[in-house]
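Q: For reference, the structure I am asking about is given below.
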Amino acid sequence: MRSAVVVFPGSNCDRDTQVALRDVAGAEPHMVWHAEGTFPEVDLIVLPGGFSYGDYLRAGAMAAHSPVMREVVARAGRGVPVLGICNGFQILCEAGLLPGVLMRNASLRFAGKDVHVRVETSQSIFTNRYAAGAVARMPVAHGDGNYYADDATLDRLEERGQIAFRYCLPDGTVAAEASPNGARRNIAGVFNEAKTVLGFMPHPERACDPLLGGTDGRAMIEGLAGALA
Amino acid sequence: MKARVQVTLKPGVLDPQGTAIQGALAHLGFAGVRDVRQGKLIELELAETDPAVGRASVEEMCRRLLANTVIESYAIEVLP
């Protein structure tokens, strides 16, 4: 799987993502600076976590209009898979590749801890190595992870199977107290309609090695590597 | 000319920062504050001299960057 990791000023998970892709998928990703207008053809584009452009105006708002994003939006339109992790999810929403928006955490506190998420579907390139209903444990690290969309949009997402992950208790029960940020309907990850774009608040790249406290994120990269080989 | 853009959360969108401010005001003894909504004020200095053209251009800026219309609404004021 050929992959690219986009690096914005203020990205801070780009190297973690690079290492995870190298170790789990077995190929060195291209690291693409935000000012690049183009980059090599790849099978997967990853927008990593961090605080691009210092979260000025709104988290992800500036990055969504950076030169490299014009290319990312064009390629996503052609069906090239895109994974946005944390700040990457915020950028995908601001760029209009995913519906909704990530608002300030309801608690107003930064959430930095492990959470549990329930895999809502295994029918995607991102989740095919998980069983539907499986529970994965991964860290979150964000201040703006409170997913919001209006009821009509949320209903449409549910009908079309675009909800990828929900925050849950360790036993898989979706409960408000399991959410670190107050996201509507406990949403932790959403797909675009074609399920070629995933935005996800937790950090699978930080859960790929037992030394880091967990390996539940590996299945996402393994699934992508298998599907996009 | 100058333009001033007010960006506010749409009614019904939860505003945890507004709620926190309301709580702090209550702690300071300001009774009777029923609701607080926090927004942004953006001031622009434009080379354009035609107010109608200027307003249309700021409108486009709001739609594309200054506001996220999923959760925010905006009001534009064009100043001479």
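Q: If I ask for residues that are closer than 30 Å to residue B:55 by Cβ and more than 9 Å from chain A (Cβ to nearest Cβ), which ones from the range B:16-32 would you list?
A: Within the range B:16-32, B:18 is the sole residue that qualifies.
Q: Something else about it: Looking for whichever is at positive phi and either open to solvent by less than 40 Å² (accessible area, probe 1.4 Å) or not hydrophobic (A, V, I, L, M, F, W, C) (or both) here; the options are A:88, A:37, A:50. Which one fits?
A: Answer to the check: A:50.
Q: Mind counting the residues in the range A:108-133 that are closer than 21 Å to residue A:175 by Cβ and surrounded by 15 or more Cβ atoms within 10 Å (Cβ to Cβ)?
A: Matching residues across the range A:108-133 total 10.
Q: Now for a separate question. Within the range A:61-90, work out how many residues are of a type in the set (Asp, Glu) and part of a strand (DSSP E or B).
A: Adding up the residues that qualify gives 0.
Q: Sticking with this structure for a sec: Take residue A:151 and tell me if it is at pLDDT 95 or above, open to solvent by 40 Å² or more (accessible area, probe 1.4 Å) and more than 14 Å from chain B (Cβ to nearest Cβ).
A: no
Q: Run down A:91, A:125 and say which single residue is more than 10 Å from every other protein chain (Cβ to nearest Cβ) and closer than 22 Å to residue A:32 by Cα.
A: A:91
Q: Quick one: what pairs do we get from the range A:184-197, first residue assigned to a strand (DSSP E or B), second among the aromatic types (Phe, Trp, Tyr), C-beta under 6 Å, 6+ apart or different chains?
A: A:187/A:147; A:188/A:165; A:188/A:167; A:189/A:165; A:189/A:200
Q: Sticking with this one: Here is a list: B:5, B:78, B:36. Which entry is within 13 Å of another protein chain (Cβ to nearest Cβ) and either basic (Lys, Arg) or not in a helix (DSSP H, G or I) (or both)?
A: B:5
Q: Now for a separate question. Return only the number of the condition from (1) away from chain B (no Cβ under 14 Å); (2) touching a His at 6+ places or on another chain (Cβ under 9 Å) that residue A:105 does not satisfy.
A: (1)
Q: Shifting gears a bit: Applying the selection to the range A:4-24, what residues are farther than 21 Å from residue A:112 by Cα and either acidic (Asp, Glu) or modelled with pLDDT under 95 (or both)?
A: Once the filter is applied, which keeps residues that are farther than 21 Å from residue A:112 by Cα and either acidic (Asp, Glu) or modelled with pLDDT under 95 (or both), the range A:4-24 yields only A:23.
Q: Related question: From A:99, A:180, grab the single residue that is open to solvent by less than 40 Å² (accessible area, probe 1.4 Å), assigned to a loop (DSSP other than H, G, I, E, B) and more than 24 Å from residue A:209 (Cα to Cα).
A: One residue alone meets the criteria, A:99.
Q: Answer yes or no: is there a residue in the range A:77-84 that is charged (D, E, K, R) and surrounded by fewer than 21 Cβ atoms within 10 Å (Cβ to Cβ).
A: Among the residues of the range A:77-84, at least one is charged (D, E, K, R) and surrounded by fewer than 21 Cβ atoms within 10 Å (Cβ to Cβ), which makes the answer yes.
Q: Specify which of the listed residues (A:183, A:227, A:176) is more than 14 Å from every other protein chain (Cβ to nearest Cβ) and among the aliphatic types (A, V, I, L, M).
A: From the options A:183, A:227, A:176, the qualifying one is A:227.
Q: Next up: With in a loop (DSSP other than H, G, I, E, B), touching a Pro at 6+ places or on another chain (Cβ under 8 Å) and surrounded by fewer than 24 Cβ atoms within 10 Å (Cβ to Cβ) as the only criterion, which of A:144, A:171, A:216 stands out?
A: Checking each option against the conditions leaves just A:216.
Q: Pairs needed: first member in the range A:153-167, touching a residue at least 60 places away in the same chain (Cβ under 8 Å); second member anywhere, of a type in the set (S, T, N, Q); C-beta distance under 7 Å; at least 6 residues apart or different chains.
A: As it stands, the answer is none, since no pair meets every condition given.
Q: Right, next: Of the residues B:60, B:48, which is open to solvent by less than 80 Å² (accessible area, probe 1.4 Å) and over 30 Å from residue A:98 (Cα atoms)?
A: Only one candidate passes the filter, namely B:48.
Q: Now for a different question. From the list A:55, A:16, exactly one residue is touching an Asp or Glu at 6+ places or on another chain (Cβ under 6 Å) and buried (at least 18 other Cβ atoms within 10 Å of the Cβ). Which is it?
A: After applying the criteria, what remains is A:16.
Q: Can residue A:3 be described as under 17 Å from residue A:75 (Cβ atoms) and under 18 Å from the mean Cα position of the chain (by Cα)?
A: Taking the combined requirement at face value, the residue satisfies it.
Q: May I ask you to list the residues in the range A:187-223 that are closer than 13 Å to residue A:17 by Cβ, among the aliphatic types (A, V, I, L, M) and under 13 Å from the mean Cα position of the chain (by Cα)?
A: Answer for the range A:187-223, where residues must be closer than 13 Å to residue A:17 by Cβ, among the aliphatic types (A, V, I, L, M) and under 13 Å from the mean Cα position of the chain (by Cα): A:220, A:221.
The values are calculated or read from the model by the stated rules, or taken from the named source; none is laboratory data. It should be emphasised that the depicted structure is a prediction, and the values quoted were computed from it without experimental measurement. Every residue, glycine among them, receives a Cβ derived from its backbone with ideal geometry; neighbour counts consider all protein chains shown. These accessible areas exclude ligands, DNA and RNA; they are computed on the full protein's heavy atoms, side chains included. Shrake-Rupley method; radii C 1.70, N 1.55, O 1.52, S 1.80 Å.
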